[in-house]
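Trainee: Structure below; questions to follow.
The values are calculated or read from the model by the stated rules, or taken from the named source; none is laboratory data. Only a predicted model underlies this, so the values are computations on that prediction, with no experimental measurement involved. Cβ placement follows ideal geometry from the backbone for every residue including glycine, while neighbour counts extend to all protein chains displayed.
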């Protein structure tokens, strides 16, 4: 029987790479995203995808989609809570409370909602895998990115707690901690960081690359491969782990 997989923020970037990887493995895959254009493009690229428009931090909408998935599938094997937002780039005294709250809602509360909705289904099955997307920012401090770092640290705490709560039900819970991933999102982060520091973007980009021992960014496919592995029988004894896919982070950007 194929795995049944739900991925939040699956319309682009890491989420879409994860969806493609699970489809290649023969899984049934549903993605949620709050951007209908991205969902349309994802569906055109991968016709077998089930696409659901939703803000991952909106519990009411997400619950409706989970109910629809259960009517269609009858089970859920893998929940990938992948929603994230870069949040503001500024010194702590210059960050507006509403910007802090939105960043935490997307990065941490959305993970809570996904896990909350997946757990009763998986408990009834006595099996399942919940994988949360954290970040190397969830393992280090991150100057001028306080809301993002705080939320991603929170994701690790959530994951550790859920692994303890759910292990007896045959449910494994882990987190993936990507480093700097090639693509439009990191380009925006670097542009904002360079502006905040008053330096050239190419200098800031090199600073980001130099944070990893391998001196390069990672690919979305590298993270997707880890997600597939953690959901596979080969990872049957892995739970409660924060798995870095980052080329080995030595430090965070200046």
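Trainee: Can you pull out every residue in the stretch 224-254 that is modelled with pLDDT under 95 and out of contact with any helix residue (DSSP H, G or I) (no Cβ under 8 Å at 6 or more places or on another chain)?
Mentor: 247, 248, 250, 251
Trainee: Right, something else. Check whether at least one residue in the stretch 9-20 is touching a helix residue (DSSP H, G or I) at 6+ places or on another chain (Cβ under 8 Å), crowded, with 23+ Cβ neighbours inside 10 Å, outside any loop (DSSP other than H, G, I, E, B) and at pLDDT below 95, and report yes or no.
Mentor: yes
Trainee: Select from the stretch 25-38 the residues that are under 17 Å from the mean Cα position of the chain (by Cα) and surrounded by 15 or more Cβ atoms within 10 Å (Cβ to Cβ) and write down the one among them that is nearest to residue 3 (Cα to Cα).
Mentor: 29
Trainee: What are the residues in the stretch 223-254 that are in a loop (DSSP other than H, G, I, E, B), under 20 Å from residue 162 (Cβ atoms) and in contact with a strand residue (DSSP E or B) (Cβ under 8 Å, 6 or more places away or on another chain), if any?
Mentor: 231, 236, 238, 239, 240, 241
Trainee: Just a yes or no: is a residue in the stretch 39-46 more than 24 Å from residue 156 (Cβ to Cβ) and in contact (Cβ under 8 Å) with a residue 60 or more places away in the chain?
Mentor: No, that holds for no residue.
Residues checked against (1) at pLDDT 95 or above; (2) part of a helix (DSSP H, G or I); (3) in contact with a helix residue (DSSP H, G or I) (Cβ under 9 Å, 6 or more places away or on another chain); (4) closer than 28 Å to residue 63 by Cβ:
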site: 111; (1), (2), (3), (4): yes, yes, yes, yes
site: 119; (1), (2), (3), (4): yes, yes, yes, yes
site: 154; (1), (2), (3), (4): yes, yes, yes, yes
site: 161; (1), (2), (3), (4): yes, yes, no, yes
site: 166; (1), (2), (3), (4): yes, yes, yes, yes
site: 195; (1), (2), (3), (4): no, yes, yes, no
